[in-house]
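Visitor: Next up is a structure, given as C-alpha cells.
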Amino acid sequence: MSGFESYYLLDADDHILTWGGPRWESAALAGGATTLAGGDLVGQSIYAHVAGHFTQRFLRAFFAEARAARTGLKRAYRCDSPNAKRLFEMRAEPMGDGALRVEHWLLDETPMAFEVATQETRGAVRLGHMRCSMCNRLRRRGTREWREPDAFPQGSGPVAVVHTVCEGCRRGVAARLPIPANLTPAASAGSTPPAAPPSSS
Ligand SMILES: [Zn+2]
C-alpha cells in the first residue's frame, strides 16, 4: 500500500490555510495526532500540532529551506502506527507569496514484531524514552543507542516518550525502514545511507 495520503497548505507564517487528502483523518489518527482529525484548522499554527521543541525547530528549518529552494524539497520520514513501520515522504512546494503546499506520501510499510504504542509525556521525565519524530526510533534515557521501537522488550501499555530529533536525522541521514534481521550489524553498516541534506525535487 503506498500513495498520496494528505496535504496542507501553509501561509508565510506557517499557519494552516487548507488541508485534506484521501487519508487525512485516518493518517492523523493513526499517527496519534488526534488534534488534527475532525477539527477546524484554518488559521492555526502547524506547530500547535507538532510535539517536541526539536521537531518544531526541524520543521521550521525544512519549510524555510523549501521556500528558498523554489522547486521545493522532499524528505523521507517515519510515521509508524502501533502495528506498522511506515515510511513516508514529505514534499514541500512553494506556491507564491510565501505559501507552501506540503504533501505526505506513503512509500512503504512493514509490520511491527509486536504492537508498540507511544504516548507523549509533558515535561521532562527522568526515566522513559526519547522518540525521534523523523525516524521513529527510541532511545532509553541514560543510554546512547537509538533502536527500532520493536527492538526493546515488549511492555504492557503505551511507552511514555518525549519527542525530539535524533543526531542522525539532524545530520540529514534519510529515514528508512529497518534492515532485514538476516543481515548482521557488520554487513548492514555499509548500507547506511550517506549523510546528505534533503534533496530538492
Ligand atoms: Zn531519527
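None of the figures in this text is laboratory data; all of them are computed from the coordinates on show. This one's a predicted model, so the numbers in the text were calculated from it and none came from an experiment. Cβ sites come from the backbone with ideal geometry, for glycine too, and all protein chains shown count toward neighbours.
Visitor: Quick check on the exposure proxy: order 23, 131, 78, 147 from fewest to most C-beta atoms within 10 angstrom.
Guide: The fewest-first ordering by Cβ neighbours comes to 147, 23, 78, 131.
Visitor: I need to check one value: relative contact order of segment 3-176, counting alpha carbon pairs closer than 8 Å and at least 6 residues apart, in percent.
Guide: 21 percent
Visitor: Which value, in debye to the nearest 20, describes the size of the charge dipole of segment 3-176 about its Cα centre when Lys and Arg Cβ atoms bear +1, Asp and Glu Cβ atoms bear -1, and nothing else is charged?
Guide: 860 debye
Visitor: May I pose another question? Which whole-Hz ³J(HN,Hα) couplings does segment 151-168 yield from phi under the Karplus relation 6.51 cos²θ - 1.76 cosθ + 1.60, θ = phi - 60°, glycine and proline marked x?
Guide: With coefficients 6.51, -1.76 and 1.60, one gets 8, 8, x, 5, x, 9, x, x, 7, 6, 10, 10, 7, 8, 10, 5, 4, x Hz.
Visitor: Cut-off is 10 Å between beta-carbons; in what order do 74, 85 appear when sorted fewest neighbours first?
Guide: 74, 85
Visitor: If you average the sequence gap of Cα pairs under 8 Å that are 6 or more apart and divide by the length of segment 62-120, what percent do you get for the contact order?
Guide: About 31 percent, as a whole number.
Visitor: Between segment 47-80 and segment 86-117, what is the C-alpha centre distance in whole Å?
Guide: The distance from the Cα centre of segment 47-80 to that of segment 86-117 comes to 11 Å.
Visitor: Using θ = phi - 60° and the Karplus relation 6.51 cos²θ - 1.76 cosθ + 1.60, list the HN-Hα couplings for segment 115-122 in order, rounded to whole Hz, with x at every Gly or Pro.
Guide: Values, residue by residue: 5, 10, 9, 10, 9, 5, 9, 7 Hz.
Visitor: Rounded, prolate or oblate: which fits segment 3-176 when a ≥ b ≥ c are the square roots of the eigenvalues of the alpha-carbon gyration tensor, with rounded for a/c under 1.5 and prolate only if a/b beats b/c?
Guide: Note, shape of segment 3-176 comes out prolate.
Visitor: Percent antiparallel among DSSP beta bridges with both residues in segment 3-176, to the nearest 5? Show your work: numbers first, answer last.
Guide: Details: 35 of 42 bridges.
Taking every DSSP beta bridge within segment 3-176, about 85 percent pair in antiparallel fashion.
Visitor: Using modelled backbone amide H atoms (1.01 Å from N, in-plane), which distant-in-sequence or interchain residues come within less than 5 Å of residue 175's amide H?
Guide: Amide H neighbours of residue 175, under 5 Å, 5+ apart: 76.
Visitor: Right, something else. Tabulate in residue order the Karplus-calculated ³J(HN,Hα) for segment 59-71, using 6.51 cos²θ - 1.76 cosθ + 1.60 with θ = phi - 60°, rounded to whole Hz; enter x for Gly and Pro.
Guide: Working through the residues one at a time gives 5, 4, 5, 5, 5, 5, 5, 5, 5, 6, 7, 6, 8 Hz.
Visitor: Can you put 42, 165, 50 in order of Cβ neighbours within 10 angstrom, beginning with the fewest?
Guide: Neighbour counts put them in this order, fewest first: 42, 50, 165.
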